[in-house]
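The values are calculated or read from the model by the stated rules, or taken from the named source; none is laboratory data. None of the values given here were measured: they were computed from a predicted structure. Note: ideal-geometry Cβ built from the backbone for every residue, glycine included; neighbour counts use all protein chains shown.
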Amino acid sequence: MSTFDSKHAAHLHRHIHSHVPSDPALRVKALESLAVEKGLISSETIDAWVEAYSEHIGPMRGAKVVARAWVDPGFKTRLLADATEAIKEFGFEGNATGHLKAVENTDAQHNMVVCTLCSCYPFSILGMSPAWYKSAAYRARAVREPRTVLAEFGVNLPEEVAVRVWDSTAELRYLVVPQRPAGTDDWDEDRLSGIVTRNSMIGTDRVLKAGGA
Amino acid sequence: MDGIHDLGGKEGYGPVPVTEGDAPFAHDWEQRMWGLAREGICPSMTIDWFRHGLELMVPGDYLTFSYFQKWATNYLMLMVDAGQITLEELERGYVLEPADPARTKTVDQIVEQVRRACTDFSVPEETPAHFAVGDTVRTLRQINHNHTRLPAYARDCVGEVIAHHGSHLFPDEGAHDRHVGQHLYTVSFSAQELWGDDANPRDTVTLELWESYLVPA
């Protein structure tokens, strides 16, 4: 049973810092060995988790949701009203999307998502987050200088387009709905989902490209 | 706590690793760490005790360790704290009395387990909400909870309530296994309020904030 005692936890962290080799591969190996020997998990189950998140749960899910919102106005209304319920139409609900909010980019507003205090992310619909999302640089700077950060991603936002940065401080998670690019009027949902980038659903990509998809 | 984790607005971290940090995982051990964590190997913890554990890491380690390196270190702490493993076992690297092996799950079972992990953090409202959409509120200047979700950069600032989510579990208490609800709001702050007059007047930052973080402005 966890103690929920801050001082005890800090003491244990200092002990681990001083007595356990810091090499991360070794630490994870030790953790896996101990967890397996304690009967908490099998190594094959870890393999299954790795495969689930590389093959089945990832940003392709979010892309399908965005594409449907582009072609189906009724779905878009449901998505913007209650994204947690709307993604159940795909069976994409789950870990970290129990309170999901979809926010739509417009000509006048760009949305961008961060978690400054840890690295909260809507796993069941976007998979594991990219390393940059978890970096100290992104967490520190996204709220303070979003336009400079966007420029590093190649997004040069005109002054007159407002930026709204959503800092995920509670259990709400965000999905940015990017704008549908011009020249895709006759595209079907499947083809459209192929041009929705992961970064556009986090808000560090804005103008999606219709060419080459 | 005013810890090293509270990074919002801090300067000196350099460029975002846009290209080199594009992939979610850089090493096999990171994927295995993710799998271990998703399987819930420390069942007695709460999400906020997990987050608080990360905040309590040795500060130098917090800043220099990669994300999954922090997780590995935190899980070692959490499992020792919970009495699941001892410091002796950790330093030895194996246990003296192994338990029966865990059952292996298939990928399909994992995908279904993720779907069923759609957790609802809302709780019944026991008190009327103090604020409504459109209200102007000020955040507290000081907050002395061990764990809190009011970042330093948004303290003693005036913003506008743009959404009310009913009551949600209050993390400051949840970090200590006390499951109480409090009204939760999305509050929008102008970039100029947070960062000064040089910020673009059109820009805003929103945060989810619990009622006890707020006073009428």
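Key figures for this structure:
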{"item": "One residue from B:Pro43, B:Pro24, B:Pro17 being out of contact with any Asp or Glu (no Cβ under 7 Å at 6 or more places or on another chain), buried (at least 23 other Cβ atoms within 10 Å of the Cβ) and free of Cβ contacts under 8 Å to residues at least 12 places away in the same chain", "result": "B:Pro24"}
{"item": "Condition met for B:Ile110 (out of contact with any strand residue (DSSP E or B) (no Cβ under 9 Å at 6 or more places or on another chain), more than 10 Å from every other protein chain (Cβ to nearest Cβ) and of a type in the set (A, V, I, L, M))", "result": "no"}
{"item": "Inter-residue pairs, beta-carbon under 6 Å, first assigned by TED's automatic domain parsing to the domain that holds A:Ala67 and in the stretch A:176-193, second surrounded by fewer than 17 Cβ atoms within 10 Å (Cβ to Cβ) and outside any loop (DSSP other than H, G, I, E, B), 6+ apart", "result": "A:Val177/A:Glu104; A:Glu189/A:Val71"}
{"item": "Evaluation of B:Ala23 against (1) over 27 Å from B:Ala117 (Cα atoms); (2) outside the structural domain of B:Tyr75 (by TED's automatic domain parsing); (3) small (Gly, Ala, Ser) (one fails), failing number", "result": "(1)"}
{"item": "Leading residue by the ranking (farthest from B:His52 (Cα to Cα)) among those in the stretch A:148-173 that are in a helix (DSSP H, G or I) and within 7 Å of chain B (Cβ to nearest Cβ)", "result": "A:Glu152"}
{"item": "In the stretch A:2-25, the residues that are among the hydrophobic types (A, V, I, L, M, F, W, C) and modelled with pLDDT of 95 or more", "result": "A:Phe4, A:Ala9, A:Ala10, A:Leu12, A:Ile16, A:Ala25"}
{"item": "Test: residue in the stretch B:98-119 that is under 29 Å from B:His5 (Cα atoms), aliphatic (A, V, I, L, M) and under 23 Å from the mean Cα position of the chain (by Cα)", "result": "yes"}
{"item": "Subset of the stretch A:129-145 (residues that are at the interface with chain B (Cβ under 7 Å from one of its Cβ atoms) and not aliphatic (A, V, I, L, M))", "result": "A:Ser129, A:Pro130, A:Trp132, A:Lys134, A:Ser135, A:Tyr138, A:Arg139, A:Arg141, A:Arg144"}
{"item": "Check on B:Gln142, free of Cβ contacts under 8 Å to residues at least 40 places away in the same chain, over 30 Å from A:Thr45 (Cβ atoms), more than 9 Å from chain A (Cβ to nearest Cβ) and not in a loop (DSSP other than H, G, I, E, B)", "result": "no"}
{"item": "Helices (runs of 4 or more DSSP H) enclosed by the stretch A:1-77 - at least 1 residues per element that are under 30 Å from A:Lys101 (Cα atoms), of a type outside the set (Ser, Thr, Tyr) and more than 7 Å from every other protein chain (Cβ to nearest Cβ)", "result": "A:59-71"}
{"item": "Given (1) of a type outside the set (Gly, Ala, Ser); (2) surrounded by fewer than 21 Cβ atoms within 10 Å (Cβ to Cβ); (3) modelled with pLDDT under 95; (4) closer than 24 Å to B:Trp29 by Cα, number of the condition B:Glu126 does not satisfy", "result": "(4)"}
{"item": "Qualifying residue in the stretch A:193-202 (condition: touching a helix residue (DSSP H, G or I) at 6+ places or on another chain (Cβ under 6 Å), more than 14 Å from every other protein chain (Cβ to nearest Cβ), on the phi < 0 side of the Ramachandran plot and assigned to a loop (DSSP other than H, G, I, E, B))", "result": "yes"}
{"item": "Members of the stretch A:85-118 that are within 9 Å of chain B (Cβ to nearest Cβ) and within 30 Å of B:Ala152 (Cβ to Cβ)", "result": "A:Asn95, A:Ala96, A:Thr97, A:Gly98, A:His99, A:Lys101, A:Gln109, A:Val114, A:Thr116, A:Leu117, A:Cys118"}
{"item": "Count of residues meeting criterion [charged (D, E, K, R), over 15 Å from the mean Cα position of the chain (by Cα) and either under 17 Å from B:Phe25 (Cβ atoms) or more than 7 Å from chain A (Cβ to nearest Cβ) (or both)] in the stretch B:70-88", "result": "1"}
{"item": "Residues that are more than 7 Å from chain A (Cβ to nearest Cβ) and assigned to a helix (DSSP H, G or I), drawn from the stretch B:89-100", "result": "B:Arg92"}
{"item": "So B:Leu87, is it farther than 25 Å from A:Glu171 by Cβ, crowded, with 20+ Cβ neighbours inside 10 Å and free of Cβ contacts under 8 Å to residues at least 40 places away in the same chain", "result": "no"}
{"item": "Matching residues, the stretch A:157-192, being surrounded by fewer than 21 Cβ atoms within 10 Å (Cβ to Cβ) and among the polar types (S, T, N, Q)", "result": "A:Gln179, A:Thr184"}
